[in-house]
Amino acid sequence: MNSSKNLVLFFSFFMFLFFVFFLVPHAFAAKDIILAEETSVGIPWWIWPLSLFVFCFGLGIVAVLAGVGGGVLFVPILGTFFPFHMDFVRGAGLMVALAGSLSAGPGLLMRNLASLRLCMPMALIASISSIMGAMVGLALPQNIVRIALGLVILAICFVLLTSKRSEFPEITKRDKIAQILGIHGIYYEITQRKNINWQIQNSHIGLLLFFLVGFIAGMFGLGAGWANVAVFNLVLGAPLKISVASSNFLLSITDTSAAWIYLNNGAVLPIIAVPSVVGMMLGSQVGVRLLALTKPRIVRWLVIILLSVSGLMSILKGFAII
Amino acid sequence: MEKTASSTGQNIETPIDQKKYATVLKWSARFGLFSILLTFFIYLSGLISPVIPLDKLPRLWVKNSALLNESFGISTGWGWMNLIFKSDMMAKAALTFLAFVPILCYLTVLPIYIKKKEFAMIFIVILEISILALAASGFLKVE
């Protein structure tokens, strides 16, 4: 137990040093494309994928401990502290969210925690809007994307701070769409040692909200777990476990649509995407093991502070102030 | 929320469509992730030459995707497949396979809904496949 705690402390210290001495100076150096190029060229090429791997490994741990998707942390932080163009950061962000979701999906589906019938109609709407978002995002100038991303990140911080989740929401009336599509299910709740039947309500409102969430996810290359869970749980009334698992699975479909746009427009560079995907997936595995040793509340606060700083810096970079 | 205590314990049958989707997802995602690691190793090892030399990347990734692709004559859409024998394009192909996985999964469950005559689900699945195919087609280019 003690050795695990020491490992956490050592890793946190290492990440802190990496952040302060390697990433922060580059954030300030990358004010414009010429300075970004100077920063980028001044360091041997192989340092970049290696540092991406280390950074994403840490991000994977933090994301699990804080209970947020890695995608939402990846784009604002990478976009702020690494010299890559936002096109490649967003392309890699989508691949990171997609790979994580694809690997978690089978287990969640087989254990009846993610529901295929619940996700399919929502995914359809979110896919359409995420394609639209991706096309808008790639067409806009980088500074506009940075400003908009910063504002969205600050809004996400607000959502993370204020949203309350409900373990088993009350369903007053099952709606027509859910009845036609047979959206309901049953899962085993291990904490209560019994099977729980669930159903949903307000599908029409949920579909509208997923349109908005899909657009934002596609435009900024963010995974949309931060919003999906809230819509599934608070609007549709699915139990929290079903909402978290279905949100994770849903990303594999909605992010695919946007990922295709980035892939076809040459905005996915393997040298950026692959170390990020591998680092994040390994980090998530370590994060799951460390979950019992840490206080998620503290980590969650740290993530909110980190996101707020990244959001503000993204806005300032968009206005070329830093 | 309607909660029902059941004597069945955790013996809950996973719906057949969900089971089939999960199986295809599991194996195709594993294959995809393995391919990514393999092709990336080939890319970094220099066994096969890339289109964009690795040491030139730091000068290029600060520019937008259109400029970078133009500099090396990489076409948008599926044009990059002409360069598939280059190591960076192999790695890109492996990443592209991951984006194919949901299409494969949807195609797998479609016959189940057709057999059950679940017309609403058939409509949703066909529409989703069409949208993903349109996104994959390369017709949706950003100039």
Scoring the range B:19-115 by relative contact order with C-alpha pairs under 8 Å, at least six apart, yields a percentage of 48 percent
Heavy-atom accessible area, 1.4 Å probe, ligands and nucleic acids excluded: residues of the range A:169-206 down by at least 30 Å² from chain alone: A:Leu181, A:Tyr188, A:Lys194, A:Asn195, A:Asn197, A:Gln199
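Quote to one decimal, in nm, the extra length available between B:Phe100 and B:Lys117 on full extension: 0.36 nm per residue of separation minus the C-alpha distance between them. Let's see the in-between values first.
Details: separation 17, 0.36 × 17 = 6.12 nm, distance 2.62 nm.
Additional length available on full extension: 3.5 nm.
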Within the range A:255-289, which residues have the backbone N less than 17 Å from the label spot 7 Å out from B:Glu70 along Cα→beta-carbon, could you tell me? A:265-267
In chain B, how many lysine pairs have Cα atoms under 21 Å apart, counting only pairs 8 or more places apart or on different chains? 12
Rounded to the nearest 10 Å², the 1.4 Å probe accessible area of A:Met110 is 90 Å²
Okay, helix-only estimate at 222 nm for the protein assembly as shown: each DSSP H run of n ≥ 4 adds -39500 (n - 2.57), divide by all residues, round to 500 deg cm²/dmol; what do you get? -23500 deg cm²/dmol
In terms of solvent-accessible area of protein heavy atoms at a 1.4 angstrom probe, what is the ranking of B:Lys56, A:Lys194, highest value first? B:Lys56, A:Lys194
Around B:Ala22: net Lys/Arg minus Asp/Glu count, Cβ-Cβ under 15 Å: +4
Heavy atoms only, probe 1.4 angstrom, no DNA, RNA or ligands counted: give me B:Thr96, B:Thr23 ranked by accessible area, highest first. B:Thr23, B:Thr96
Counting only protein heavy atoms with a 1.4 Å probe and every protein chain in place, the carbon and sulfur fraction of the accessible surface of the protein assembly as shown in whole percent equals 69 percent
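Where only protein heavy atoms count, and the probe is 1.4 Å, what is the accessible area per residue for the range B:16-137 in Å²?
Working: 5740 Å² over 122 residues.
It amounts to 47 Å² per residue over the range B:16-137.
Listed highest first by mean packing, meaning other Cβ atoms within 10 Å per residue, what order do A:100-109, B:102-111 come in?
Numbers: A:100-109: 23.7, B:102-111: 18.8.
In decreasing order of mean packing, A:100-109, B:102-111 become A:100-109, B:102-111.
Relative to the present Cα-Cα distance, how much length would full extension add between A:Ala320 and A:Leu161 at 0.36 nm per residue of separation?
Contour length minus the Cα-Cα distance gives 54.4 nm.
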Comparing the chain by itself with all protein chains present, which residues of the range B:16-31 are at least 40 Å² less accessible (probe 1.4 Å)? B:Gln18, B:Tyr21, B:Ala22, B:Leu25
How big a patch of accessible area, both sides summed and in Å² to the nearest 100, lies buried between B and A at a 1.4 Å probe? 6600 Å²
How large are Rg and Dmax for the protein assembly as shown when calculated on the C-alpha trace, in angstrom? 21.6, 68
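Once you have the Cα-Cα distance between A:Thr191 and A:Lys176, take 0.36 nm times their residue separation minus that, and quote the gain in nm to one decimal. Please report the intermediate quantities before stating the final value.
Working: separation 15, 0.36 × 15 = 5.40 nm, distance 3.15 nm.
The span from A:Thr191 to A:Lys176 would gain 2.2 nm if fully extended.
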What is the average number of partner chain Cβ atoms found within 10 Å of a Cβ in A:277-287? 1
From the residues A:Phe249, B:Phe41, A:Met95, which one has its Cα farthest along the dipole of the protein assembly as shown in the positive direction, the dipole being from +1 and -1 charges on Cβ of Lys/Arg and Asp/Glu about the Cα centre? A:Phe249
Which residues of the range A:235-253 end up with at least 30 Å² less accessible area in the presence of all protein chains than when their chain stands alone, using a 1.4 Å probe? A:Ile253
Could you work out the mean count of beta carbons from other protein chains within 10 Å of each residue's beta carbon in B:84-90? 1
Can you tell me how the range A:173-217 classifies by the Cα gyration tensor, rounded, prolate or oblate, using a/c under 1.5 as the rounded cut? oblate
Only four residue types carry charge here, +1 at the Cβ of Lys and Arg and -1 at the Cβ of Asp and Glu. Report the dipole size of chain B about the Cα centre in Debye, rounded to the nearest 20. 180 debye
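The values are calculated or read from the model by the stated rules, or taken from the named source; none is laboratory data. Just so you know, these numbers come straight off a predicted model, no measurement behind them. Backbone-built Cβ (ideal geometry, glycine too); neighbour counts: all protein chains shown. Only protein heavy atoms, including side chains, enter the accessible area calculation; ligands, DNA and RNA are left aside. Shrake-Rupley method; radii C 1.70, N 1.55, O 1.52, S 1.80 Å.
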